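Down below is the structure, laid out as structure tokens.
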Amino acid sequence: MTQNINERTAKSPLGDFGAVLEICANSIESAIAAEKGGADRIELCANLSEGGTTPSYGQIKWCVENLQLEVWPLIRPRGGDFLYTEAEFECILEDISFCKQIACHGVVAGILDKDGNVDEIRCRQIIATASPMPVAFHRAFDMSRNLEESLETIIALGFVRILTSGGKANAAIGANEIAQLIIQADDRIEMMPGAGVNSDNLLEIAKVTGAKCFHTTAKAKFASKMNFQNAIGKMGDKDVDEFNYEQTDSDKVKVLKGILNFL
């Protein structure tokens with residue numbers, strides 16, 4: 001039988017100790033690699049090329065039932081902007097209800113209105129639907145009109161964490177902005193740098209921002225193990241080599257986790 005949310009939360013290994021490494025895992029194999037490498041948590045998603053979308057029910061359930069690290073599925077019905085139709089919003093709430101039913105540790109979501117503000121009405125429904133399961137706010141935050149105002153709104157709504165690049169192209173470029181947001185947050189919410197975080201810049205981002213939680217894919221390219229490869233037929237983009245794919249590399253995760261041990 002699936003553990004309930006309170007039981008799973010009580011068994012969380014994270015507590016208040018040390019820096020936390022969250023891996024954006026784009027598949028079951030990426031999730032396995034994240035755990036093997038020592039990650040503390042995964043944001044489980046699909047379609048990294050679109051910035052991430054909601055993974056399948058099967059993927060979510062498998063990870064919850066077979067992994068020991070925290071599983072937080074991304075709830076995003078499509079790529080593109082964060083302004084959703086009523087049908088898309090209904091899908092978001094249904095996905096959240098499923099994640100709560102199978103005792104995910106939390107979910108990652110976020111909605112903006114047409115003017116670039118956090119959609120308070122819909123986000124309040126998200127929090128209510130998820131409760132008591134916690135909800136993190138994804139990089140829709142970076143696309144909002146005013147980061148300082150959005151931060152206060154997200155805190156008031158009851159989100160527990162914000163993934164951010166400081167509104168910049170990546171977290172390294174936005175490190176100073178993230179530092180200011182962390183000061184503003186004043187321990188009322190966890191601010192997690194993400195986007196372009198890697199072993200070359202992790203320590204510097206940590207020093208500049210003062211953050212204790214970091215988000216990255218730790219991905220690498222893997223060659224297909226198929227003996228027969230049809231080089232003519234294409235399932236998708238004609239310019240993409242479909243016999244290579246990206247997923248999390250456990251060795252990269254180990255390196256990142258090792259760096260965090262110095263914080």
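The values are calculated or read from the model by the stated rules, or taken from the named source; none is laboratory data. As the structure is a computational prediction, the values presented were derived from the model and not from experiment. Quick reminder, even Gly has a Cβ in these numbers, built from the backbone with ideal geometry, and neighbours come from all protein chains shown.
Of these, D200, D187, which one is closer than 30 Å to N146 by Cβ, at pLDDT 95 or above and not in a helix (DSSP H, G or I)?
Answer to the selection: D187.
In the stretch 30-85, which residues are under 16 Å from the mean Cα position of the chain (by Cα), closer than 24 Å to I162 by Cβ and hydroxyl-bearing (S, T, Y)?
Listed by number, the residues that qualify are S30, S49, T53, T54.
Quick check on A39: is it over 25 Å from K254 (Cα atoms) and buried (at least 17 other Cβ atoms within 10 Å of the Cβ)?
For A39, the condition - over 25 Å from K254 (Cα atoms) and buried (at least 17 other Cβ atoms within 10 Å of the Cβ) - is not met.
Among the residues of the stretch 137-184, write down those that are among the hydroxyl-bearing types (S, T, Y) and part of a loop (DSSP other than H, G, I, E, B).
Once the filter is applied, which keeps residues that are among the hydroxyl-bearing types (S, T, Y) and part of a loop (DSSP other than H, G, I, E, B), the stretch 137-184 yields S144, S165.
Pairs needed: first member in the stretch 236-263, closer than 15 Å to N26 by Cα and loosely packed, with under 12 Cβ neighbours inside 10 Å; second member anywhere, at pLDDT below 95 and polar (S, T, N, Q); C-beta distance under 7 Å; at least 6 residues apart or different chains.
N244/S224
Can you tell me which residue within the stretch 56-69, out of those that are assigned to a helix (DSSP H, G or I) and free of Cβ contacts under 8 Å to residues at least 12 places away in the same chain, is surrounded by the most Cβ atoms within 10 Å (Cβ to Cβ)?
Step by step, filter the stretch 56-69, then rank; the result is N66.
Has the stretch 109-132 got any residue that is in contact with a Phe, Trp or Tyr (Cβ under 8 Å, 6 or more places away or on another chain), in contact (Cβ under 8 Å) with a residue 12 or more places away in the chain, surrounded by 17 or more Cβ atoms within 10 Å (Cβ to Cβ) and assigned to a loop (DSSP other than H, G, I, E, B)?
The answer is yes; a qualifying residue exists.
Search the stretch 214-232 for residues being among the hydroxyl-bearing types (S, T, Y) and at pLDDT 90 or above, and hand back the single one that is farthest from I178 (Cα to Cα).
The extreme case among them is T217.
State which residue pairs qualify: first residue in contact (Cβ under 8 Å) with a residue 12 or more places away in the chain and inside the stretch 193-208, second residue aromatic (F, W, Y) and outside any helix (DSSP H, G or I) in any location, beta carbons under 9 Å apart, and separation of 6 or more residues or different chains.
Pairs that qualify, where the first residue is in contact (Cβ under 8 Å) with a residue 12 or more places away in the chain and the partner is aromatic (F, W, Y) and outside any helix (DSSP H, G or I), are P193/F214; G194/F214; V197/F214; L202/F214; L203/F262; I205/F214; A206/F214; A206/F262.
For the stretch 186-211, which positions are hydrophobic (A, V, I, L, M, F, W, C) and buried (at least 17 other Cβ atoms within 10 Å of the Cβ)?
I189, M191, M192, A195, V197, L202, I205, A206, V208, A211, listed by residue number.
May I ask you to verify whether G38 is at pLDDT below 95, in contact with a Leu (Cβ under 8 Å, 6 or more places away or on another chain) and within 17 Å of H215 (Cβ to Cβ)?
no
Criterion first (assigned to a helix (DSSP H, G or I) and among the β-branched types (V, I, T)) does I42 satisfy it?
No: the conditions fail for I42.
Could you tell me which numbered condition V160 fails, if it satisfies all but one of (1) surrounded by 18 or more Cβ atoms within 10 Å (Cβ to Cβ); (2) touching a Pro at 6+ places or on another chain (Cβ under 7 Å)?
V160 satisfies every listed condition except (1).
Among the residues of the stretch 70-90, which ones are surrounded by 22 or more Cβ atoms within 10 Å (Cβ to Cβ) and outside any strand (DSSP E or B)?
Within the stretch 70-90, I75, R76 meet the criteria.
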